[in-house]
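Written out below as structure tokens is the structure these notes cover.
The values are calculated or read from the model by the stated rules, or taken from the named source; none is laboratory data. Model, not experiment: these values are computed from the prediction. We place every Cβ from the backbone using ideal geometry, glycine too, and count neighbours over all the protein chains shown. What goes into the accessible areas is simple: the full protein's heavy atoms, side chains included, and nothing from ligands, DNA or RNA. Shrake-Rupley method; radii C 1.70, N 1.55, O 1.52, S 1.80 Å.
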Amino acid sequence: MSVIHREPELNWPDLRQTIELGKVEVVGKLLRDGTEEQRRSLAAELEAYVKGPPEQRWWSRPGPATAVAVAALGCLPSAARAAALLSRRNVRVWWGEIPVEELVEMSRARDLPWLGDLAQRLAGKLGREGDAAQWALVAGLLTETGTAPPTDDTFVRGWIGHLQAWHLGDERRPLIDRMRADPYLDALLPRLFEVDGLGVELARSTWDQHQRRWDHRPAMPATLTALAAEGRVDRAVLLDGVLGRFLRGDRVAALRAFVVLHDELAPTEAELTARVGRYVRLLPDAHSTVATLAQRALRRLDDNGRLELDTLLQGSRQLLARPEKMLVKAQLSWLDRVAKRERDRVGEVLETVAVAFGHDALDVQERALTIVLRHVARIEPPVRTRLAEAAAVLAGDLPGRAAAVLGEPAAVAVDVPAGWSLGPMPSVAPMPPPVTSAAELAEEIGALVHDQGSMIGWERVLAGLVACHADDPVLLREALAPILDRYAVHLRPGHTWWGHPRLRQLFGEVIRAALRTETRLSGWDRGVGMVRAALGGSPAELPATGYGPGPQQALALRVAEVAVYLRHRPIPMLVATPTRANGQLDATVLVERLAEAERAGWQPWRFDLEQALLRLPSEIDGDALSRAAVLRSPAGVRLSRWLTDGGAPHPGSVKVEQRRPTPRRFDHWELSQLPERRVVVGLRPGGVEYGPFAQEMFELDPTDRPEMKHSDPEYPLWPGVLPNHREVIAAWALPAFAGLADSDQRGAELLPLLAESAGPVGPAVALALAYTLAARHEADRVAGVDAFLALAGAGDLDGAALGRELGALAADGTIKLTRVVAGLAEAARAGARADVWAAIEAALPAVLAATPRGGPDLLALGAQTATTSRTEGAGGNTSAGATASRAASVGGTGREADRGALRAALAGIAARGGSGRLVTEARRLDRVLAG
């Protein structure tokens, strides 16, 4: 009897075991040996296996992912299902290790018609970063099937990444050889110039296999140039692509490789002439490096007589309006040569040069004027008249030089160009309408929790919660019940900021109080214990909220008070809710609130009343005083006495110099992070008793060493605590303001809010403004300029005091003067020229004694603003004249002392001799002041 031998039947357990062992070749052989029916029967089980719960096996080596890819090609019936399986995360991360040849062999064994479709689908799943290894898998499938490659950004990034991938094997071919043979070069080369940010990849360093070291020169530009030289790629495609990329713009780092490529190509004069329009379009807006490149290209054409004068003048007018001094000066030198050459059209050339009269830099204005005066003898009278009119915008001592040769302009509409003066500042906005429903309150709480909120948002929520609780507690609980669950991550206990709980977490306790649930915040009982004692009538000091003394503790106390009193002594409304957006409370409104409470027989909460009193403006009308005098409740009597006494006196401000101690071995790193010197401000109440709520805020005694304090997200809430004492708030926040300049920290949102507050401007505000103008980050410096303009527009800025602080801080290197000059220039352009000059005048004596970097720029800005300030003060512009008069009157004798010290310092610099920029600008300012 004969025995029939049967081959083992393909089954899932055997295939799964082989997959989990990562045996790719065995999986391929098993599937190829099976029938098509057997292979398809395993498709569902394979998909279920991959989609199952993730296990550690997917991240081991050898893992199942590469074998799964081969199985997918061997079992699945369509490109859609295969792509879905291969695109799952636990498989896709291993694409780079999947052997393409195994997939191709499986596809041939099954005679699959959809391998090209699969390749296209997988191409759409490539990561945006363009992983080179994953791209290789897709590209291998595309090449096998002859499918046209995608041209989207992701595929192009992957292509470049794969071309530039490196390893240390000797078999690695040079980049030019791989690109020469690349099947996608012709199709994807034009896209090389269109994908934003791709230039960063093109500028990557490469490994020099022969020298065994990194070559930091970009390899791609030289390779493309070589391919163009041998005819493999079209040179015109490269040059047009580069110019197109320049016109579209990109980040500086992404343009570097294209600048190198343009230089490597070294366009011929014929190529430049054919593209002259595109080079001209680069002059006004392109990055300075690209604009310089275009300027050189056009000048080369002009030197060889291949650039029309009209084209040159058109491009020059656009380039002369740019802020970069080197570019503008180079263009002026070029136009100077053209003026000598073009005798028949010298007037047009000089009128183009006059565009630079409006440049911000005084030395650029001087260069332009020098060129005009050099050729003025060859121009017609109408051109001379137009040049004289254009010279009206010159600053410093230049207008006198221009008038001496060109003559005075026939008519000047205004002595000071429009926009050089500050307009009237808008009045403080009123508070938005109160929250009137539980549903609206829930929405406001959600907004508050997400972004920390503003003072306005916090006050509306607290007031709305108290009012809604008094109106319908049951409805309020229904509206608030979902809040704790929905925003649990924000309101849960335990979140702290440098050791104390955030207001959002404390506010979670307020919501729990409204819901009558148990407290959840660790230490909360300790934080509200004394609030409860005050409720019982016990004499109470400030409770321990987890905050240190200062405005943040006042904020926490009010939240704690609401949480406690909602349970034990609810009232219909809070009396401290501001009436103005800066936190102030109208006295007449508070009198009416207390009168209503007196009629209804209830008393406001203790800290709520204290906060209300601190929000009253310093100037009270007689009607509010007389109406308060008739109140008989304890709160009413307290208000009447407060108004009669004139409110809370302003504490004294005392500057304190802090020095970094000498580091020791065990604390060297910690101390090395501190600045060497810092100036802060202490507060001295002078024996005045403010009451427990306010006393600790009006007394501040800084340490003798700098402290590393970061800008607190709750800082923007502080001005609402003391809206009439911005000097106090600035003093408490001054270490964080100083950190913006001397420790490269971020966060100046508080300063513009202080500028909109009320109260005296003393050394704390001046120092806060000085530090912020010198901040490391541009967004913070912009906030400093905004605060400068707000204070100047309101007539509250003492420019001389600010200048003395700036000069002292810049002289010893505590702040970088170059940053300050940029901010002051922006403030001057916005209209605060008189205030800017007051600050510069006071700062320059200390600056010139130390001559830090940025000194010449400050002198030049001083010459510009001193001239216009004097013109404004003469009455050329009504608003500006008022500003100048105010700036001149502030400080009185102090301003005269500043002027005397400045003239002496300028004379000392001028006596050095030479033609350096510091000496030149010092002499210029001295001439302006003497005139």
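Given a 1.4 Å probe and the protein chains as shown, Arg191 ends up with an accessible area of around 40 Å².
Computed on protein heavy atoms with a 1.4 Å probe, the accessible areas place Ser633, Ser653 in the order Ser653, Ser633, largest first. Couplings 3J(HN,Hα) for region 38-46, derived from phi with the Karplus relation 6.51 cos²θ - 1.76 cosθ + 1.60 (θ = phi - 60°), are 5, 4, 5, 5, 8, 4, 5, 5, 5 Hz, where x marks Gly and Pro. For Lys655, the lysines whose Cα comes closer than 28 Å to its Cα, not counting residues fewer than 8 places off in the same chain, are Lys709, Lys816. In sequence order, region 812-827 has phi-based couplings of 9, x, 5, 10, 9, 5, 4, 5, 5, 4, 4, x, 5, 5, 5, 5 Hz under the Karplus curve 6.51 cos²θ - 1.76 cosθ + 1.60, θ = phi - 60°, and Gly or Pro positions carry x. Please work out whether region 564-614 counts as rounded, prolate or oblate from its C-alpha gyration tensor, where a ≥ b ≥ c are the square roots of the eigenvalues and a/c under 1.5 means rounded, while otherwise a/b larger than b/c means prolate and anything else oblate? Taking the square roots of the gyration eigenvalues as a ≥ b ≥ c, region 564-614 is oblate. Summarising the amide proton neighbourhood of Val679: residues at separation of 5 or more, or on other chains, whose placed amide H is nearer than 5 Å comprise Gln658. Projecting label points 7 angstrom from Cα along Cα→Cβ for Glu9 and Ala897 puts them 10.6 nm apart. Residues in region 78-103, backbone N under 19 Å from the label point at Thr143 (7 Å along the Cα-to-beta-carbon vector): list them, ranges by number please. Hits in region 78-103 for Thr143 at 19 Å: 95-103. Accessible surface for Ile571 stands near 10 Å², nearest 10, in the context of the full protein assembly shown (1.4 Å probe). Cα centroid separation, region 675-706 to region 102-119: 78 Å.
Here each label is just a point 7 Å from Cα along the line to Cβ, and for Glu271 and Leu918 those points are 4.6 nm apart. Net charge in the neighbourhood of Arg580 (other residues with Cβ under 12 Å of its Cβ; Lys, Arg +1, Asp, Glu -1) is -2. Taking the Kirkwood radius as Rh and the Cα radius of gyration as Rg, region 657-799 has a ratio of Rg/Rh equal to 0.99. Taking 22 Å as the straight-line reach from the Cα of Lys329, the lysines in range (excluding those fewer than 8 positions away in the same chain) are Lys340.
Its Kirkwood hydrodynamic radius, worked out from the mean inverse distance over all distinct Cα pairs, puts region 274-398 at 14.6 Å.
Sequence-ordered 3J(HN,Hα) estimates for region 739-751 from the Karplus curve with 6.51, -1.76 and 1.60 and θ = phi - 60° stand at x, 4, 9, 9, 10, 6, 7, 10, x, 10, 4, 5, 4 Hz, glycine and proline given as x.
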